[in-house]
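The numbers here are math on the coordinates, done by the rules we state, and not lab data. Please read these numbers as outputs of a predicted model, since none were measured by experiment. All Cβ positions, even for glycine, are placed from backbone atoms using ideal geometry, and neighbour counts span all protein chains on display.
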Amino acid sequence: MIEARDTGASPGSDPSGSPSGTKTGGRDFWPADSGGGDGKGTKGPNPKILIGGAVALVVVVAAVVGVVVMSGGGGKKSGGSASAGEQIVPTAFTPWAPEKEMAKIADRQADARPVTEGEVFPADVKTVAYKKYSFTLAGTNLASDCKQAAWGQRLQGDLAKYQCTQVARGAYVSQDKQHVGQFAVLNMANQDGAQQIVRDLDPATGSGFVRAYNPDGAPAFHSGFSAAYAHTYGHFVIMSWVQRAGGAQPANLSELVDLSLAVEKPADFVWGRLEMAGDNTKQ
């Protein structure tokens with residue numbers, strides 16, 4: 001397992017300047033955009049430090065070490081298809097600590113509205129892109145049984161202990177069918193519980209992982225080479241997970257960074273949550 005991060009960087013920094021935000025049309029609720037947009041479906045300056053800002057640092061790591069990755073997660077040949085019962089873990093994993101901006105929604109009591117599929121996967125994230133990679137949302141799933149969407153005794157136990165009430169998952173397929181991605185949201189009782197789940201998701205702990213969601217008709221997620229990026233945003237755990245279709249090993253991790261910057265676009269919903277925290281008239 002490779003921890004794909006720059007340990008010398010602060011989780012609160014965003015050296016990439018990446019346009020990870022999207023406009024908010026189509027969401028169940030969202031405060032009005034402010035600031036200058038670029039006319040290309042992205043917001044202007046915003047303090048959000050989404051997954052993109054963290055994983056962009058992997059490019060630096062990849063350039064330094066050359067990224068010829070040797071791992072039990074799979075070689076250059078494709079792995080087996082991810083069936084409902086298969087226990088797949090990412091080859092490279094990047095956990096990130098909570099962002100200070102999310103303190104207002106550190107407890108679900110301040111953000112009690114249940115998430116919906118329309119909120120997490122609105123019209124503006126049905127197609128997502130970053131650089132040369134473009135993905136289409138192949139299917140979504142929202143469930144109240146978090147344990148059913150995960151495997152591993154310790155992870156399942158902590159999902160129950162820290163009161164996970166919802167898990168939303170989406171499967172993305174690239175336009176050329178060469179890459180696949182997973183996006184997942186876990187709705188925990190509070191930030192402490194969310195942090196514990198992020199720790200559990202680290203493959204080094206052997207605690208378990210979120211099950212890949214494979215909708216009918218879409219290329220399945222495989223047990224070959226993949227990279228996952230897990231964040232704590234208030235009481236939510238947000239994760240993106242990407243790979244080459246079939247699980248083949250990429251030339252370097254920067255390819256997976258770019259894939260993740262596209263697939264993590266649904267994470268924008270947390271900023272609407274942050275704006276509305278404490279305003280009961282908008283719940």
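Annotations for the structure displayed:
- For the range 104-110, 3J(HN,Hα) per residue [Karplus equation, 6.51 cos²θ - 1.76 cosθ + 1.60, θ = phi - 60°, Hz, x = Gly/Pro]: 5, 10, 6, 10, 5, 4, 8
- Computed as a quarter of the hull surface, the mean projected area of the alpha carbon convex hull for the range 143-279 stands at 8.7 nm².
- In this label model, Ala189 and Lys131 are separated by 4.2 nm, measuring between points 7 Å along each Cα→Cβ vector.
- Under the criterion of Cα pairs below 8 Å and six or more residues apart, the relative contact order for the range 174-276 equals 33 percent.
- By other beta-carbon atoms within 10 Å, ranking Thr116, Thr94 with the fewest at the front produces Thr116, Thr94.
- Taking amide H atoms as placed 1.01 Å from N in the peptide plane, the amide H of Asn214 has no partner under 5 Å among residues 5 or more positions away or on other chains.
- Listed cross-link partners Lys126/Lys161; Lys104/Lys161; Lys100/Lys147; Lys100/Lys126; Lys100/Lys132; Lys104/Lys131 are compared with a 26 Å cut-off, the Cα-Cα value being larger for Lys126/Lys161; Lys100/Lys147; Lys100/Lys126; Lys100/Lys132; Lys104/Lys131.
- Here the residues Ile105, Ile238, ranked from fewest to most Cβ neighbours within 10 Å of their Cβ, fall in the order Ile105, Ile238.
- Taking amide H positions as modeled 1.01 Å from N, with prolines and chain starts lacking one, the residues under 5 Å from His179 and 5 or more places away or on another chain are Ser174, Ala245.
- The order of Glu255, Glu264, going from fewest to most other C-beta atoms within 10 Å of their C-beta, is Glu255, Glu264.
- For Phe221, the residues 5 or more places off, or on other chains, whose built amide H falls under 5 Å of its own are Ala82.
- Farthest toward the positive end of the dipole of the range 180-283, out of Gly234, Tyr213, Ala184, is the Cα of Tyr213, where the dipole comes from beta carbon charges about the Cα centre.
- Backbone phi angles across the range 241-255, fed through the Karplus curve with coefficients 6.51, -1.76 and 1.60 (θ = phi - 60°), yield HN-Hα couplings of 8, 9, 6, 5, 4, x, x, 5, 6, x, 5, 7, 6, 4, 4 Hz in residue order; Gly and Pro are listed as x.
- Relative contact order (%) - the range 161-210, alpha-carbon pairs under 8 angstrom, separation at least six: 32 percent
- The phi torsions of the range 150-165, fed into the Karplus equation with coefficients 6.51, -1.76 and 1.60 and a -60° offset, translate into couplings of 9, 10, x, 4, 5, 4, 4, x, 6, 4, 6, 4, 9, 6, 6, 10 Hz, rounded to whole numbers, with Gly and Pro shown as x.
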